Amino acid sequence: FHFLGDWESFSREWCYGYGNAVVVKPDLLGAYLRREGLMLRRLKGDVLTELAPKRRLVQEIDWDDALYRELMKPVAGQLRLLRATDDPSRRAIIEDAICQRQRQATGAAKAPFVAAFVKALVESGEKVLLMGHHHAVMDTYKQELKHYKPGFITGRETISAKADAVERFMSGKTDVLCISLRAASGLNLQRATCVVFGELDWSPAVHSQAEDRAHRIGQTRAVNICKLVVRNSIEEKIIALQERKKAVFEALITDS
């Protein structure tokens, strides 16, 4: 307790100044924590040496540009509000709202193309976990993939419906299970051979947890991880930020 001092002293010594949460040199802080014995961490690869590898792919995908433009129309008013204010907190709120609208519009505009990608995978014999975020996007997946009778775990289902979706996928009654990115914890879905991200989250930890629904004890095959990204969209920024966050995490936590 308080080994690193209070918040003021920690942010002053290790970050970019008081109240700033960004560590200046995470590699030095990580080395300090390990040297003082404050962390014990075992890597998954060290513990589960027999586990098959992950294979990652970032794949560009098409989208419905007209639908995207239609869904983004409400942003015009928000942009006018943004230009009219200099208040930092107010600007942050407006920018966040615009960002959320961009994510949702992008997910909806590419949803039919994501479904087509998943169809091709299933037809080639893959067992797919399809990750999304917005309910409207999930509804499109349900319509486009209805032939395959997919299961859904989106946070809208009852506990029994969630259990039934897992059972149907694991027993082979369906080869597609659609899961909300932030509803993926605690699921054991080793039958899956491919995890497809139809939408993206800002946090790489959320993606890692979603991937590990398939990459668990009992998995005997390599797991293919596919991130479907629209060119020149907010998703390219999300991918770049994920990589920066992962780099900081690795420097802070690992010896490499």
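The values are calculated or read from the model by the stated rules, or taken from the named source; none is laboratory data. Just so it is clear, the structure is predicted and the values come from calculations on it, not from any experiment. Note that we place each Cβ from the backbone using ideal geometry, even for glycine, and neighbour counts take in every protein chain shown. SASA here: full protein model, heavy atoms, side chains in, ligands and nucleic acids out. Shrake-Rupley method; radii C 1.70, N 1.55, O 1.52, S 1.80 Å.
Brief remarks on what is shown
- In the stretch 88-104, residue surrounded by the fewest Cβ atoms within 10 Å (Cβ to Cβ) [restricted to those that are out of contact with any His (no Cβ under 9 Å at 6 or more places or on another chain) and within 14 Å of His134 (Cα to Cα)]: Gln100
- Qualifying residue in the stretch 66-73 (condition: at pLDDT 85 or above, surrounded by 10 or more Cβ atoms within 10 Å (Cβ to Cβ) and basic (Lys, Arg)): yes
- In the stretch 152-168, the residues that are touching a helix residue (DSSP H, G or I) at 6+ places or on another chain (Cβ under 9 Å) and open to solvent by less than 70 Å² (accessible area, probe 1.4 Å): Phe152, Ile153, Thr154, Gly155, Glu157
- Scanning the stretch 110-118 turns up one or more residues that are out of contact with any Phe, Trp or Tyr (no Cβ under 9 Å at 6 or more places or on another chain), aliphatic (A, V, I, L, M) and in a helix (DSSP H, G or I).
- Search result, residues across the stretch 20-65 that are in contact with a helix residue (DSSP H, G or I) (Cβ under 6 Å, 6 or more places away or on another chain) and at pLDDT below 80: Asn20, Met39
- Remark: pairs (first residue in the stretch 106-117, over 15 Å from Val195 (Cα atoms) and surrounded by 23 or more Cβ atoms within 10 Å (Cβ to Cβ); second residue modelled with pLDDT of 95 or more and among the β-branched types (Val, Ile, Thr); Cβ separation under 8 Å; 6+ apart in sequence or on different chains) = Gly107/Val137; Ala111/Val137; Ala111/Thr140.
- Residue selected from the stretch 118-146 under the condition at pLDDT 95 or above and either closer than 16 Å to Val75 by Cα or among the hydroxyl-bearing types (Ser, Thr, Tyr) (or both), by the criterion most open to solvent (accessible area, probe 1.4 Å): Thr140
- Residue among Ser171, Ser185 that is at pLDDT 85 or above and open to solvent by 10 Å² or more (accessible area, probe 1.4 Å): Ser171
- The criterion of being free of Cβ contacts under 8 Å to residues at least 40 places away in the same chain, in contact with a Lys or Arg (Cβ under 7 Å, 6 or more places away or on another chain) and open to solvent by less than 70 Å² (accessible area, probe 1.4 Å) holds for Val206.
- Qualifying residue in the stretch 200-211 (condition: at pLDDT below 95 and more than 30 Å from Cys99 (Cβ to Cβ)): no
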